[in-house]
Structure formats: C-alpha cells, structure tokens
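> Can you keep this structure in mind? I'll have questions shortly.
No value in this document is a laboratory result; all are computed from the given coordinates. Treat the numbers as computed from the prediction; the structure is a model and nothing was measured. Cβ placement follows ideal geometry from the backbone for every residue including glycine, while neighbour counts extend to all protein chains displayed.
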Amino acid sequence: MTFQIALVLILVTITSALLISERLRPDLVALLLLIVLGLSGLVTPLEMFSGFSRPAVITILSIFVITAALEHTGASRALGQQLNRLAGDSEPRAVLVVMIATALLSLVMNNIAAAAVLLPAAIGISKQTAIRPSKLLIPLAFASNLGGMATLYATANILVSAVLVDQGLAAYRLLDFLPVGLPMALAGILFVALVGRRWLPSHAVGGQPGPNRRTGGLSETYGLTSSVSGVYVKPGSDMAGLSLADGHWSQRFGVNVVAISRGNRLELAPVVEAEVLAGDVVVFTGQADRDVLSDHGLVPTNDPAWHGQFTSDQVSLVEVTLPPRSGIAGKTLRDINFRSKFNLSVIALWREGNTLQHKLIDMPLRFGDALLVQGQRDRINLLRQEPDFLILDEDVHPVASPRKAILAVALMLLAVGLPVANLLPIAEAAFTVAWLMVLLGCLTMDEAYGSVEWRAIFLIAAMLPLGIALTNSGAAALIGGQLVRTLGTWGPLAVAAGIYLVTMLLTQVMGGPATAVVLTPIAIAAARQVGVDPRGMAMAVAMGCSTVFLTPFAHASNLLVMGPGGYRFKDYARVGLPLSLVLFVVFLITLPWFWHIR
C-alpha cells in the first residue's frame, strides 16, 4: 500500500466518521476535505475546483429551479388536489394512489420536494376518510425514492454518472435507469400497497392509538382536551392591564395561551396585543407552577365558558412541520419571534413518540417535529407562504394562474424530451429550461436563487474530487480487487450484489451523495478486473443509494413525515427491511438482462 493510498483511505474514514456523527455540517465537512485533497497533492488545482463546473452539479441546480417553478405556479399542487378524488375510501387504493403520484412526481422533481409537495394532499385524504395518516405517509416518503430509481434526475444517479465521466466512460442517458429502476420501483410500490402497509402503525400523532383526525380532531389527537388549564386574574394582579406580549406568559410560566374568557365572551387564539384585565380567565395548555402563578395574582380555576373548543369560524388548528430546506432547524420559537411575527400560537409539539406542551418557546426545533398551531385563518394563510414552514393542511384554493401552471409543465416535459430525443445533453436541457421558466414568468430570479439548496450544491461539488483521488491514488483499484477476490469466484453478479448491499448500508448513515462518490470508483475498478461493463456495475451503486428505507435518518423524505405520521424509529425498519429485500431480489433479476453482468 502506497502513502497516497493510505492517505486517501484515512481521509475517507475521517470524512465518513464526521458525516455519521454530525459534529460538523455535511457541507463544511466536504469543503474541509476539498482543501486537504488540494493541499496534499492528491488532486491537481484544476481537479480540486472542477466539481463546481461539472454538468452533474449544473443539472442538480437546474432541477431545484424547475421544481420551484412547478410549486410556484401551482402545477404540483394541482396534482395533489386530484388525489382525494382518485384515492377513494379504500386503504390499499389510497396507498397505491399516493405512492404512484409521488413516484411520478419524483421522476422530474427533486425527491424531497416531491414528498413535501404531496404531504398536505396525503393528510387531506386522511381527514376525509377513515385512513390514519400513519398508513399513508411512510408510503409517500418511500415512493419519492422509488420513483428516483427510474430516472437520472435523482441526485445519487447524477453523481454516479459524473464519476463515470471522470473515468473516461460514457455518462448515463436519461432513460438508462428504466430497465432496472422501473421494475424495482413498481415492485416496491406494489409490495408496500398490498403487503407492507399492514405492518405500518395505526396511530395518531403522539405515537399512541387515538381518534381519527376526521372524527376526533387535532385537539384530541394531540391530547389537548384533557390538558387545558385556566387561571383567574385577581384584582391587583401584576398581570392585569398587560398585553399577552408584555406579560410574557410563555416565557414566565411556560404555557401556551389558547383563549381569554371575559364575562360570557370567549376570545379564541388571542393576538399578542390582546390585553388581560382583572377578572379575566386565561385558558392555556402546558403546566404552570402554582406558586409562581400565585405570586402574580393568578388563581387556578375552571371557566364555565370553556367547553373544549379550540376552533371557530375565524380560528383554525393546523399541523406544521419543517420542510427539508428550512433554515430554522436548531432555533427556538423565541429565537425566531414566532408569536410576535405571525400572531399564531404553537400549543403542542410532537417529537419522537411524545406530545409536548410545556415551555415550547425555548425548545430547539428539529426536522421531524410536528407543531400544532392555533390562530386566525388569515394569519395561517400568511404562514403558508413562509418557506421555513410546511402546513400539513391541503391548500384548497384554486391555482392562481392556470396558464403559468400549464406552461411550467410544458417546459418540464421539454427538459425531459430534449435529452430523450438526443437533441441536447441533460445538463444543457435542464439548465436552459430552468432559466426559460424565469424568463417566461413562472418564477422570479430571486425565487430561483432562493429555491436552490446551496448547502447541497457545495456538498456535492466539494465531494466529487474525492472520486478522482480514489482513482488516481490506486485506492479504488485496491478495494475493488479485494472485493473481486472475496466475491468474484461466484461471478460478476455476486460482486454487483456485494456492492449494492454495501452501498445500501452505507447510505443509511452517510447519505446518498457521499456514498455515491466514494463507492462508484470502487465499482468501476471491480468491473474492469472481472471484465464486465463498468456502467452496469456502477448501476449497483446508483440503485443502492436509493434504497433508503431502514431508518428515518437515511433520507430527508423519511424524516419529513416522521412528525406528521407520529412514527417511531422502528416503524421504518418494520416495512423498510422487507421492502429492501424485495428490491434486492428484483435488482439481481433485472441487472443481468440489461447490463450483461451474469
């Protein structure tokens, strides 16, 4: 083993450990790796920065813009609005419809965005039927990655193709994934809809069996009906005469005010400017210390005007979660001034199988949380426009500009059709269509820039030179040779199977982009040593990177539905493990037929 091989393997080990431990942001880890690769001479200065100009990175960037255009024009929402009509009342049919729609959308959109776009529609199906959300949302998340198996537009597939080009091989064409990926996607969808759904939990948010959203409502789903308290504001109380904002009820008592009762009138979801007067009864969720309440002239009481209502003609309860590109993960409601900025109240939070109600204002938000928000309907509609939040209540308003929506769909089809007809390379077609969408008014330039997940772009561009270093140093050939010596006696298909399984397991903890860059050079080296098509062997890496069904942390789509579905860690593996085995079998059947690996 040479010094260069040893150094590359050490860097791969350290990078993997940092990505798995999450001690540093993944994009920062990738940039630090890029610097070390350049300073150590493992890649040339030109190779060091080549990732930022790769067609693969341009394609991924363009897909972000195209996805945003479909969202802004309402084209993707229009698809979601059709799901209720198609789903019916049958659980197998609803699961099948949700999965097919999500998979189709992920053929041309970013996988995470496809799941986020249809998440409110799936919740809408649950509200109108007797089907629990927990029966629909894991299928939705899984389908976003199953659909990505059949197209080049999945991030990992694009990166595998980019590494092939680095090795002097032909890049994948748009439809090259169909012979293997489409049978795997169809098998996965049918398995979950017909068999796997039976192993999904049947519970409401909070992780325990509970009332259906349609019959019991969100208040019962989150256990609020038995956890509401009230306090009487005594004459002379230092809280009397202060607005809710000036009284700092959330900060001082750790509670979430849901109503103010005055005489025979109950004001639900009071705004932060609402004044609390002596003689009022303030109704809240959360647990307040009686001694602290007494020090401020507040006496626990039951208000006769309160009958368990949280909503009215003007006031709604909605669930909210953090979308994948949210910038508020790790921040508290106090940090972002949520109450003052939106005049809405977060009155409960679901996290990892538990419903929380106390001191929510100082609790750092995480991906996978579900927030229960109370407020005026017009304020909730304003929150719907905020990119840092995803409201899990289907937007039933008609598409604002049907012509723009049709235009966006037509341009999206153009991005697919030009490469299929061999009129333009994939990167050029996607890039051209993305900015045509801006030019023709499907979204503004600022919206286009804002739609790009720049952390992902820098992560991918900075990781790509690692594939060059693995090849140039001889590390890929060394590991590929060891793999061939271990599995090669059973034939090339056994080698492909081993690569697939290693890729699948590594992706669960390290993520698809990093895994694709690390393992594709190894797959190519192994293919050359056993004398088969390297593009076929690399397909094992691409398919393995999309097999992300064992944990909620394997892919952002899984994490996105964790809170809204009330899922726990084991729920993913219960369905994801047999699903992964089914996909593995289909992979072994289809790969030899189309890539001559036998």
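> I need the Kirkwood Rh of segment 432-574: take the reciprocal of the average 1/r across all distinct C-alpha pairs and report it in angstrom.
17.3 Å is the Kirkwood radius here.
> Can you give the Rg and Dmax of segment 482-522 based on its C-alpha atoms, in angstrom?
For segment 482-522, the Cα radius of gyration and maximum Cα-Cα distance read 10.8, 30 Å.
> Please list 332-338, 357-363 highest first by mean number of surrounding beta-carbon atoms within 10 Å per residue.
Most protected by this proxy first, the peptides run 357-363, 332-338.
> Where Rh is the Kirkwood radius over the Cα pairs of segment 220-262, the temperature 4 °C and the viscosity 1.567 mPa s, what D in µm²/s does Stokes-Einstein return?
Roughly 108 µm²/s, to the nearest whole number.
> What would the Debye equation give as log₁₀ I(q)/I(0) for the chain at q = 0.10 Å⁻¹, counting only Cα atoms as equal point scatterers?
Taking Cα atoms of the chain as identical point scatterers yields -0.88.
> Okay, moving on. What FRET efficiency would be calculated for the residue pair LEU505, ARG334, taking the C-beta separation as r and a Förster radius of 35 Å, to the nearest 0.05?
My answer for the efficiency is 0.30.
> If you count, for each residue, the other Cβ atoms within 10 Å and average over each peptide, how do 111-121, 455-465 line up from highest to lowest?
111-121, 455-465
> Quick one: what are the phi-derived ³J(HN,Hα) couplings along segment 556-562, Karplus 6.51/-1.76/1.60 with θ = phi - 60°, whole Hz, x for glycine and proline?
Residue by residue, segment 556-562 yields 4, 4, 5, 5, 4, 8, 4 Hz.
> With the Cα gyration tensor of segment 61-206 in hand, give its eigenvalues times 5 under a square root as the equivalent ellipsoid semi-axes, listed largest first in whole angstrom.
30, 18, 11
> Here's a follow-up. Counting C-alpha atoms alone, how compact is segment 545-593: give Rg to one decimal and Dmax as a whole number, in angstrom.
Rg then Dmax for segment 545-593, in Å: 12.6, 41.
> Further question: Let me check the size of segment 312-427 from its C-alpha atoms; what are the radius of gyration and Dmax in Å?
19.0, 59
> So if each residue of separation counts as 0.36 nm, and I subtract the Cα-Cα distance between THR2 and LEU413, what length gain in nm does that give?
143.0 nm
> For a quick protection proxy, order the peptides 144-156, 124-136, 531-543 by their average other-Cβ count within 10 Å, most packed first.
Descending mean neighbour count gives 144-156, 531-543, 124-136.
> To continue, here is another question. Karplus couplings for segment 244-249 from phi (6.51 cos²θ - 1.76 cosθ + 1.60, θ = phi - 60°), rounded to Hz, Gly and Pro as x?
Once θ is set to phi - 60°, the couplings for segment 244-249 become 4, 5, 6, x, 6, 4 Hz.
> Using just the C-alpha positions of segment 337-492 as equal point scatterers, what log10 of I(q)/I(0) does the Debye formula give at each q in 0.13, 0.20, 0.21 1/Å?
The computed values of log10 I(q)/I(0) come out as -0.96, -1.26, -1.31.
> How fast does segment 489-573 diffuse by Stokes-Einstein, in µm²/s, taking the Kirkwood radius from C-alpha pairs at 20 °C and 1.002 mPa s?
Answer from the Stokes-Einstein relation: 158 µm²/s.
> Which entries in the list LYS127/LYS341; LYS331/LYS570; LYS127/LYS359; LYS135/LYS341; LYS341/LYS570; LYS127/LYS570 go over 32 Å, if you measure between the two C-alpha atoms of each?
In this structure, LYS135/LYS341; LYS341/LYS570 lie more than 32 Å apart at Cα.
> In sequence order, what are the phi-derived ³J(HN,Hα) couplings for segment 414-427 according to the Karplus relation 6.51 cos²θ - 1.76 cosθ + 1.60 with θ = phi - 60°, rounded to whole Hz, with x for glycine and proline?
Computed from phi, the couplings for segment 414-427 are 5, 4, 7, x, 4, x, 4, 7, 6, 8, 8, x, 4, 5 Hz.
> Further, regarding this structure: Report the Rg/Rh value for segment 525-566, based on alpha-carbon coordinates and the Kirkwood definition of Rh.
1.29
> When only Cα pairs under 8 Å and 6 or more residues apart are kept, what is the percent relative contact order across the chain?
Worked out over the chain, it gives 22 percent.
> Given that compact globular proteins tend to follow 2.2 N^0.38 Å, what is the ratio of the alpha-carbon Rg of segment 1-114 to that value?
Ratio of Cα Rg to 2.2 N^0.38 Å: 1.60.
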